[in-house]
């Protein structure tokens, strides 16, 4: 049975988005495959944001960042987890399967072909220049995602303090990532739990949605 889903519209969605065809598993597969085939490294998450939030408006920015945080916390490749999460969010388990196949299999074939190609031309200086340019593009897209995520953080001192401590521990002090995330993330979760527990129920619910 062929499934379909009408894109969920936000208040500022343009009329042409409302008239777009329904989302199917095959279309989701093609979107994820195109992102995987035309993006670089950590920059993939930036293209997911542009595709599903900014252009098609099938997810809100808050929903996307929640999925991104969950994808980074789970084991495995972040973008693979993100594709599965987006697919499941939009189309259930069929969407999760389509997102996984789209982000994994077409790029894997191209990676093998590119690996053979670059191995044959590795002796030329221009090859290393091209790889350095691709790395710079990936860093720029990753930086864009980091700025977007920080912009959505609640304006509280503890939240930014945890962010700064985590960055300093991993990037500067070179502490193990797993233990840093477990300790800093656990401390921040405990803080939010205590903070929301002290608020009235209505205020806590509004604060949790921010």
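The table for this structure:
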item: Residues of region 23-32 satisfying the condition of being in a helix (DSSP H, G or I) and buried (at least 20 other Cβ atoms within 10 Å of the Cβ); result: 25, 28, 29, 31, 32
item: Given (1) crowded, with 19+ Cβ neighbours inside 10 Å; (2) without any contact (Cβ under 8 Å) to a residue 24 or more places away in the chain; (3) within 15 Å of residue 27 (Cα to Cα), number of the condition residue 51 does not satisfy; result: (1)
item: Within region 149-186, tally of residues that are over 20 Å from the mean Cα position of the chain (by Cα) and outside any helix (DSSP H, G or I); result: 6
item: Of residues in region 164-210 being surrounded by 13 or more Cβ atoms within 10 Å (Cβ to Cβ) and more than 22 Å from residue 75 (Cβ to Cβ), the one modelled with the highest pLDDT; result: 165
item: Exclusive hit being surrounded by fewer than 15 Cβ atoms within 10 Å (Cβ to Cβ), assigned to a helix (DSSP H, G or I) and at pLDDT below 80, set 115, 123, 140, 92; result: 140
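The values are calculated or read from the model by the stated rules, or taken from the named source; none is laboratory data. Please read these numbers as outputs of a predicted model, since none were measured by experiment. Glycine also receives a Cβ, built like all others from the backbone with ideal geometry; neighbour counts cover every protein chain displayed.
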